[in-house]
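Following: one structure in structure tokens, then a few remarks.
What follows is calculated from the coordinates using simple rules that are stated; it is not laboratory data. These figures come from a predicted structure and were not determined experimentally. Here the Cβ is made from the backbone with ideal geometry for all residues, glycine too, and neighbour counts use every protein chain on show.
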Amino acid sequence: MADIKAALRSQHIETPSWAYGNSGTRFKVFTQGGVPRNAYEKVDDAATVHRFTGVAPS
């Protein structure tokens with residue numbers, strides 16, 4: 001069990017930048033409150049994900 005936990009701790013998961021924005025289809029974009037307004041806010045959101053999970057450093 002310890003070796004499984006160590007393997008999981010060593011993983012690094014990269015989240016795509018589009019995951020930090022509005023979502024939608026080619027026909028409609030579904031806007032949400034609090035969506036990042038620029039690249040700096042997207043990086044800040046990604047840092048928050050890493051702070052809570054510890055697995056998304058890049």
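The table below gives the values:
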read-out: Leading residue at positive end of dipole, the chain (Cβ point charges), from Gln32, Leu8, Thr48; value: Gln32
read-out: Loop sites in the stretch 16-58: trypsin sites (Lys or Arg not before Pro), DSSP, at most 10 other Cβ within 10 Å; value: Arg26, Lys28, Arg37
read-out: Principal-axis tilt of helix 39-53 within the chain, Cα atoms, nearest 10 degrees; value: 30
read-out: Directionally averaged shadow of the chain, computed from the convex hull of its alpha-carbon atoms, nm²; value: 5.3
read-out: Contour excess over end-to-end distance, with Cα ends at Ala7 and Arg26 and 0.36 nm allotted per residue; value: 3.0 nm
